[in-house]
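Below you'll find the structure, written out as structure tokens, and then a few comments.
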Amino acid sequence: MTRIHRLDASLVNKIAAGEVIERPASVVKELLENAIDAGARTIEIELADGGATLIRVSDDGRGMPSDELPLAIAPHATSKIASVDDLFRVATFGFRGEALASIAAVSQLRLVSRPADQPGGAEIRASDGDVEGPHPAAAPLGTTIEIRNLFFNVPARRKFLRQTGTETGHVTEQIARVALAHPHIAFRQVNQGREVRNLPATGDRRERIADFYGPELAADLFVVRRQERGLTIEGLIAPPAAARATSKWQYVMLNGRYINDRAINYAIREAYRGLVEPSRSPVVFLFLTIDPAAYDVNVHPTKIEVRWREAGLVQSQVLAILRETLLSRDLTPRMAVPAATTTSTDDPERAQRVREAIADFLRSAPPPQRMIEYPAPPRPVAPRIDRFEEATPPAAMHPAEPAVVATPRAEAETTPMTAAAADSAPTRALQIHNTYLVVESTEGVIIVDQHALHERVLYEQLRTRILSGPLEAQRLLLPETLDVSTAQKAAAEQHVELLSRVGIEMSAFGPNSLAVQAFPSFMGNVDVRSFARDLLDRLAEAGHTESEETLVHRVLDMMACKAAVKAGDPLTADEIDALLAQRHLIDRSSNCPHGRPTSLSLSLRDLERQFKRT
Ligand code: ADP
Ligand code: MG
């Protein structure tokens, strides 16, 4: 240990930079906010190597006179607030006067600016504490800031920069957050010398959303609007069926600033409760306008969190308007699937109702002595039990073939794993509400959740299957194209090998889309595009934090869930038998990743109690 001493200014600035500048995207965020504070109508962002070697942001805002340039890059220098009272009514993005100083401390910065009332511009350079200028320089109206070699003098930070695609994805996400909140500003983005985005100013938020997330998503959004007690809530919200695998798709802008707020996130979740599966997150774009005195943004260095004066009020207003909007729409056809997949076991009341229904049934009719005959499933695309085990491309490619191909009973019975006598005996099972299978057991009755059971069975089979090589892929006659975000695209590139192991092949198809060329054969009844989208979201989210094997298993898990029969799917007698015959697969596995039970049992004693009660 050395004696106490004052740190030199350069080190102090580097430490301060650590708080706000984590990666190229954080630089872009600060520069965009400065440009908007300066009243820009057009902003250009240029990147090289995901921002690691170059970030250039140019605006046509009010600019700065030559003599202010040294102050702009000095710590704690700002034009935006003057007193502590100002802190509680900040209407600008910036006010800490720290961003440029911090960025200059950890990069090579060049700033060129010209305000409207000056014939010529000026330039200043700064790097690691050394300042050069200001010098006169030719400049268009406005400001250009160039950041080269971010973290060149902080090797520990530089080491943490990810692949170009990942960093570009983070930058694009920042641009999206700002551009969605400010549709009246034109944005242009250049990556590696190529223009990747050119968004004209628009008065229509939906148009901006379409620019980033594709016209399909944008077209489905419902408009939300409410103004009450000084709070204006405007928004575009997606129907429940558009829900995604991650909550990244919830954009909340407060007075033009992207925020991540627990109170509002909670309101969004509540509004969609029961309409989307608990594991999925709704897609919403909300724009809140309120007097800046109603909240404090000075609680987090990057200002992404706020402290409300009355969080409850904001929360209840958001919840009310979203709920009102969702309930006023006819969501029935789209809602049917996700809502029904909530299992009885999630809901004790529903489980109780099912128990009662079964008790009723057993009361009114003698237990069936033989398999009840079921009419053929009315829908052309019905679930398949066990489909991926028969790796027969000819059958899969036969377009006229009905979708239902259950494992023949004989085969299921000869599976060596079918050891338990109960399993190999002819099953007496009955499907109720197209959702549960009621099976006689030695102790009483077992009620099986058909989706939960099939999902686990598929997962176990896939887990074993993947050990012997890539899953069978089926080449699509027509590739399915989908709009993707930069992050999704980067994930597709980064995980090509993983995707091919699980039978998926995708390739770039234009700047913002991908084409899916091959898809796992056993997933023939799954919507290719929506699955691919969820998968890429999941992979993008995982980044580099999870091992390849963990990721593969996550993907298999998603596949099993999607390919499994759903609640509400009618099953044929053969399918019921085939599914129940596979029960041993899950009985063996105690470390199954899913939390939900697949079955409930009702003992004879339970039944007797039920009878005596009446
Ligand atoms: P803050 O934004 O918190 O004030 P910054 O370090 O980001 O701190 O910027 C310091 C000052 O430099 C700002 O207050 C503003 O006066 C000036 N400035 C920065 N960027 C621009 C720009 N693009 N156009 C005009 N002025 C700018
Ligand atoms: Mg700033």
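Each residue of region 18-27 was assigned a 3J(HN,Hα) from its phi angle through the Karplus expression (A = 6.51, B = -1.76, C = 1.60, θ = phi - 60°), giving x, 6, 9, 9, 9, 6, x, 4, 5, 5 Hz with x at Gly and Pro. For region 9-202, a crude dipole built from +1 on the beta carbon of Lys and Arg and -1 on the beta carbon of Asp and Glu, taken about the Cα centre, is about 540 debye to the nearest 20.
When the chain is fully extended, how far beyond the present Cα-Cα distance does GLU505 get from GLU19, taking 0.36 nm per residue of separation? Walk me through the intermediate numbers first.
On the way: separation 486, 0.36 × 486 = 174.96 nm, distance 4.04 nm.
Using 0.36 nm per residue and subtracting the Cα-Cα distance, I get 170.9 nm.
When Lys and Arg each count +1 and Asp and Glu each count -1, what net charge do the other residues less than 11 Å away from GLY510, Cβ to Cβ, add up to? It works out to a net charge of 0. If the cut-off is 26 Å between C-alpha atoms, which lysines fall inside it for LYS80, apart from same-chain ones fewer than 8 positions away? The reachable lysines, counting only those whose Cα sits under 26 Å from LYS80, are LYS14, LYS29, LYS303.
Could you rank the peptides 20-26, 195-201 by their average count of other C-beta atoms within 10 Å per residue, with the highest value first? Please report the intermediate quantities before stating the final value.
Numbers: 20-26: 22.1, 195-201: 14.6.
Ranked by mean Cβ neighbours within 10 Å, highest first: 20-26, 195-201.
Report the local net charge at SER281: Lys and Arg +1, Asp and Glu -1, summed over other residues whose C-beta lies under 9 Å from its C-beta. Let's see the in-between values first.
Values: positive: ARG244, LYS248, ARG269, ARG280; negative: none.
Here the count lands on +4.
Placing a pseudo-label 7 Å from each Cα along the Cα-to-Cβ vector at PHE611 and LEU467 gives an inter-label distance of 4.6 nm. Prolate is the label for region 191-275. Its Cα gyration tensor axes, ordered a ≥ b ≥ c, give a/c of at least 1.5 and a/b above b/c. Compared with the direct C-alpha span, the chain from HIS544 to ALA48 gains 176.4 nm at full extension, assuming 0.36 nm per residue. Taking 0.36 nm per residue of separation and subtracting the Cα-Cα distance, full extension of the segment from HIS184 to THR232 would add 15.4 nm. Using a cutoff of 8 angstrom between alpha carbon atoms and counting only pairs six or more residues apart, the relative contact order for region 470-563 works out to 34 percent. What is the log10 of I(q)/I(0) for region 206-327, computed with the Debye formula using one identical point scatterer on each Cα and no solvent, at q = 0.09, 0.11 Å⁻¹? Log-scaled intensity ratios, in q order: -0.23, -0.35.
Hey, can you rank 491-503, 454-466 by average C-beta count inside 10 Å, highest first? If you can, show how the numbers build up before the last one.
Working: 491-503: 18.6, 454-466: 21.5.
Result, highest mean Cβ count within 10 Å first: 454-466, 491-503.
Within the same chain, lysines fewer than 8 places from LYS566 are excluded, and of the rest, those with a Cα less than 27 Å from its Cα are LYS248. Applying the Karplus relation 6.51 cos²θ - 1.76 cosθ + 1.60 with θ = phi - 60° to region 504-513 yields 3J(HN,Hα) values of 10, 10, 9, 9, 4, 8, x, x, 10, 9 Hz, where x marks Gly and Pro.
I need LEU11, LEU539, LEU607, LEU47 ordered by Cβ neighbour count within 10 Å, fewest first. Mind showing how you got there, number by number?
Working: LEU11 12, LEU539 22, LEU607 17, LEU47 26.
Least crowded to most crowded, the residues run LEU11, LEU607, LEU539, LEU47.
Over region 470-563, the Kirkwood radius and the radius of gyration, each from Cα atoms, give a ratio Rg/Rh of 0.92.
If you take all other residues with their beta carbon under 15 Å from the beta carbon of ASN13, and give Lys and Arg +1 and Asp and Glu -1, the sum is -2.
Between ASP85 and ARG554, the modelled label-to-label distance comes to 5.1 nm, taking each label 7 Å out from Cα in the direction of the beta carbon.
Residues whose amide H lies under 5 Å from that of ARG428, counting only those 5 or more places away or on a different chain, are GLU440; hydrogens are built 1.01 Å from N in the peptide plane.
A short reminder: the numbers here are calculations on the coordinates, not readings from a lab. Note that this is a predicted model, so its numbers are computed, not measured. Every residue, glycine as well, gets a Cβ built from its backbone with ideal geometry; the counts of neighbours run over all protein chains shown.
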